[in-house]
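Enquirer: Here you go, one structure.
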There are 2 protein chains.
Amino acid sequence: MLNLALLGTGGGMPMPDRFLSSVILNYQGRKILIDCGEGTQVSMRILKWGFKSIDIICITHIHGDHIFGLPGLLSTIGNSGRVEPITIIGPKGISDTIKGILALIGYLPYNLYIIENPKLPINFSISSKGSKIENSNGNISISTLELEHSTPCIGYSFYIPRKPKFLIEKAKSNKVPKEIWHRLQNGENVNYKRKTYTPDMVLGEKRKGIKLSFTTDTRPIDTIADFINKSALFICEGTYGDNEDLEKAIKNKHMTFSEAASLAKSGDVDRLLLTHFSPAMDNPEIYIKNATNIFPNTIIGYDGFIDELSF
Amino acid sequence: MLNLALLGTGGGMPMPDRFLSSVILNYQGRKILIDCGEGTQVSMRILKWGFKSIDIICITHIHGDHIFGLPGLLSTIGNSGRVEPITIIGPKGISDTIKGILALIGYLPYNLYIIENPKLPINFSISSKGSKIENSNGNISISTLELEHSTPCIGYSFYIPRKPKFLIEKAKSNKVPKEIWHRLQNGENVNYKRKTYTPDMVLGEKRKGIKLSFTTDTRPIDTIADFINKSALFICEGTYGDNEDLEKAIKNKHMTFSEAASLAKSGDVDRLLLTHFSPAMDNPEIYIKNATNIFPNTIIGYDGFIDELSF
């Protein structure tokens, strides 16, 4: 089960009733934060999911409305008693940015591991005790995609694989000794009494995991459909609700609701959650038809929106 | 007339119901901001005094809760259409800090003039059209005082001189030609028809101006009493309300309400306005007696507090 909350749903500037676009994921009690504009830590305080358990911070791009909350948040995490390292993933340039932010902060009681513009998925094993990077396996995999914005920007997808069912009858018929069932169930190949056993000897068919994808800020480029394919939830920027603002969207490298909905349709996702609304758009709800006409299962995000994704 | 508002009254971390300690002054429609923690721009948006007219930013010290709002605020001012320079005054180290912040921001459409740890008062002439630094005169003077905190920290005092009354009878009895009354009234010496006229030939006695002083974060050192002497309003940190927290105040280089009140008394100020409350103190009002027993004219500040100082 993966829980998530929208900490803010605005673009450009933090407003009294709409903070800057940021999402927090809660998996096994550990947290993954996506983007951190000014005020994100205030929204986190309202949410009450805690600061100390943030293990991973994913930054989409180095624009103020997505990073200016980092100095304060990293300091507050430091004051929470955390000493374990935090992994920060971000686009080209993130290392220099974090270096600059650390110079402003002065001192942190934990290390930061920076992964700049990763080309391959990163696997983490996350348990209630903490998170660590794994070479393979792990129980959550984070992939990125280069997007098209006015500065290097990456999208994120999070995948929690689901183990196939353990089939006692299959194990028995394959004459797999009971002593090694558990290890095979965990995906290991096992040599036992001079014979090699493989997981497929005890497991059923592959099962769909949980996929969540996130793209902001960007134009709706072709590669996104594949990247978000079959996501249970696709969180996407919808800077402009009105179709009349298409020219602005093109100029500022953003999207309209219609464009986001078309992506959701091409990506064959279950649900689309719109966020990152222009400060000029007081009430995004009035434009919902522009999305639902194309992709009916669209939700207009709002600060404090909470959701749960299950297998 | 000088208007002011408390944008936040907290120390340490921005809270949902109490933003970080920051004050904005409004003189002739132009703004002076003192300190800028994360979220200050959100409070400014609630106040609706505008962003474009901020001419001067005074920073007390380089701790996150007093500066982490600068990247966002400077960007938002840039988006407001401002092209005129902004003067930033701050303690030792402020130039490097601003350099670091500018590297994070990337681009601003206006210049920043940095004045690091000034030793003498700085005079500004402020009108509805804007502000500029003057060698002498001007209509507002900003003085600083080195305080005692865990990092270099300065206090600020703002003085708006009041012109003496223009006395028609005095001008007539001194046989001052009408043509030069206005220039003398503005404080100029005037040579007119081979004779020198001085302002005292038309003006009455000196009159008290408006003095506002501000000290946070600091221990209550001796030099403060002189610095704040006869202020109409003395805004001072009151990190701890409870007298029992004196040891914490000493250790963390802050003040209790009682200590701030004693300063206000020694400084012979008209009113004391307390701010910069510890996040651990939910309701500072319950400790007001610890201040009013020593200095009755004490106000417990709150976010959105507005005041007006007149001659």
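Enquirer: What share of the DSSP beta bridges in chain A is antiparallel, in percent to the nearest 5? Walk me through the intermediate numbers first.
Expert: Details: 40 of 67 bridges.
Bridges in chain A that DSSP calls antiparallel: roughly 60 percent.
Enquirer: Roughly what % of Cα-Cα distances in region A:234-311 sit above 16 Å, to the whole percent? Walk me through the numbers before you get to the answer.
Expert: Working: 1332 of 3003 pairs.
Cα-Cα pairs in region A:234-311 separated by more than 16 Å: 44 percent.
Enquirer: Rounded if a/c is under 1.5, else prolate if a/b beats b/c, else oblate: with a ≥ b ≥ c from the C-alpha gyration tensor eigenvalues square-rooted, which is region B:15-65? Kindly include the intermediate steps, with their values, before the conclusion.
Expert: Working: a/c = 2.48, a/b = 1.30, b/c = 1.91.
It is oblate, given that a/c is not under 1.5 and a/b is not larger than b/c.
Enquirer: Which distances, shortest first and in nm, link B:L120 to the matching position in the other copies, using label points set 7 Å out along Cα to C-beta?
Expert: Ordered by increasing distance: 6.6 nm.
Enquirer: Using only Cα positions of region A:66-166, each an equal point scatterer, no hydration layer, compute I(q)/I(0) via Debye at q = 0.19 Å⁻¹ and quote the log10 values to two decimals.
Expert: Relative scattering, expressed as log10 I(q)/I(0), comes to -1.09.
Enquirer: Where in region A:65-104 does the amide nitrogen come within less than 17 Å of the point 7 Å from the Cα of A:I221, taken along Cα to Cβ?
Expert: Taking a point 7 Å out along Cα→Cβ of A:I221, the residues of region A:65-104 whose backbone N falls under 17 Å are A:90-94.
Enquirer: If we count trypsin sites (Lys or Arg not before Pro) as exposed when they sit in a DSSP loop and have at most 11 other beta carbons within 10 Å, what is the longest stretch of chain B that avoids them all?
Expert: Working: sites that count: B:K48, B:K119, B:K129, B:K175, B:K193, B:R194, B:K206.
In short, B:207-311.
Enquirer: Okay, next question. What size of dipole, in debye to the nearest 20, comes out for chain A about its Cα centre when the only charges are +1 on Lys and Arg C-beta atoms and -1 on Asp and Glu C-beta atoms?
Expert: Numbers: 35 positive and 32 negative charges, 437 e Å.
For chain A, the charge dipole is close to 2100 debye.
Enquirer: Between the label point of A:D226 and that of the same position in each other copy, find the distances and list them shortest first in nm, with every label point placed 7 Å from Cα along the Cα-to-C-beta direction.
Expert: So the distances to the same position in the other copies read 7.4 nm.
Enquirer: When a/c is below 1.5 the answer is rounded, else prolate if a/b is larger than b/c, else oblate, so apply that to chain A with a ≥ b ≥ c taken from the square roots of the Cα gyration tensor eigenvalues. Intermediate values should be presented prior to the final figure.
Expert: On the way: a/c = 2.24, a/b = 1.45, b/c = 1.55.
Verdict is oblate for chain A.
Enquirer: Largest first, please: the extent of the C-alpha atoms of region A:165-205 along each principal axis, to the nearest Å.
Expert: Answer, in whole Å and largest first: 26, 18, 14 Å.
Enquirer: Something else about it: Report, in whole Å, the centroid distance computed from the Cα atoms of region B:1-63 and region A:118-183.
Expert: So the separation of the two Cα centres works out to 47 Å.
Enquirer: Taking a label point 7 Å from Cα toward Cβ, how far is A:E247 from its twins in the other copies, in nm, shortest first?
Expert: Label point to label point, same position, other copies: 7.0 nm.
Enquirer: Based solely on its DSSP helices, what 222 nm [θ] is calculated for the protein assembly as shown when runs of n ≥ 4 H residues each add -39,500 (n - 2.57) and the sum is averaged over all residues, nearest 500 deg cm²/dmol?
Expert: Values: 20 runs with 142 residues, N = 622.
Here the helix-only value at 222 nm equals -6000 deg cm²/dmol.
Enquirer: Residue by residue through B:65-71, how many Cβ atoms from other chains fall within 10 Å of the Cβ on average?
Expert: Shielding by partners across B:65-71 averages 5.
Enquirer: Taking every DSSP beta bridge that has both residues in the protein assembly as shown, what percent is antiparallel when rounded to the nearest 5? Write out the running numbers ahead of the final one.
Expert: Numbers: 80 of 134 bridges.
Within the protein assembly as shown, antiparallel bridges account for around 60 percent of the total.
Enquirer: For chain A, what relative contact order do you get, as a whole percent, if you take Cα pairs closer than 8 Å and at least 6 residues apart? Walk me through the numbers on the way to the answer.
Expert: Details: 729 pairs, mean separation 52.6, N = 311.
Relative contact order comes out at 17 percent.
Enquirer: Let me ask something additional. Would you mind checking the pairs A:K99/B:K48; B:K31/B:K265; B:K132/B:K178; A:K251/B:K129; B:K165/B:K230 and listing those with alpha carbons more than 26 angstrom apart? Walk me through the intermediate numbers first.
Expert: Details: A:K99/B:K48 35 Å; B:K31/B:K265 29 Å; B:K132/B:K178 30 Å; A:K251/B:K129 34 Å; B:K165/B:K230 21 Å.
Those over the limit are A:K99/B:K48; B:K31/B:K265; B:K132/B:K178; A:K251/B:K129.
Enquirer: May I ask you to compute the full-extension gain from B:I250 to B:S266, defined as 0.36 nm times their residue separation minus their alpha-carbon distance, rounded to one decimal in nm? Can you show the working numbers first?
Expert: Working: separation 16, 0.36 × 16 = 5.76 nm, distance 1.97 nm.
Answer, rounded to one decimal: 3.8 nm.
Enquirer: Using only the alpha carbon atoms of the protein assembly as shown, find the Kirkwood hydrodynamic radius as the inverse mean reciprocal pair distance, in angstroms to one decimal. List each step's numbers first, then the result.
Expert: On the way: mean 1/r = 0.0364 Å⁻¹.
Taking the inverse mean of 1/r over all distinct Cα pairs, the protein assembly as shown comes out at 27.4 Å.
Enquirer: With the cut-off at 1.5 for a/c, could you classify region B:4-105 from its C-alpha gyration tensor as rounded, prolate or oblate? Walk me through the numbers before you get to the answer.
Expert: Details: a/c = 1.41, a/b = 1.01, b/c = 1.40.
Rounded.
Values in this text are rule-based calculations from the coordinates and carry no lab data. The shown structure was predicted, so the numbers you read here are calculated from the model rather than taken from an experiment. Note: ideal-geometry Cβ built from the backbone for every residue, glycine included; neighbour counts use all protein chains shown.
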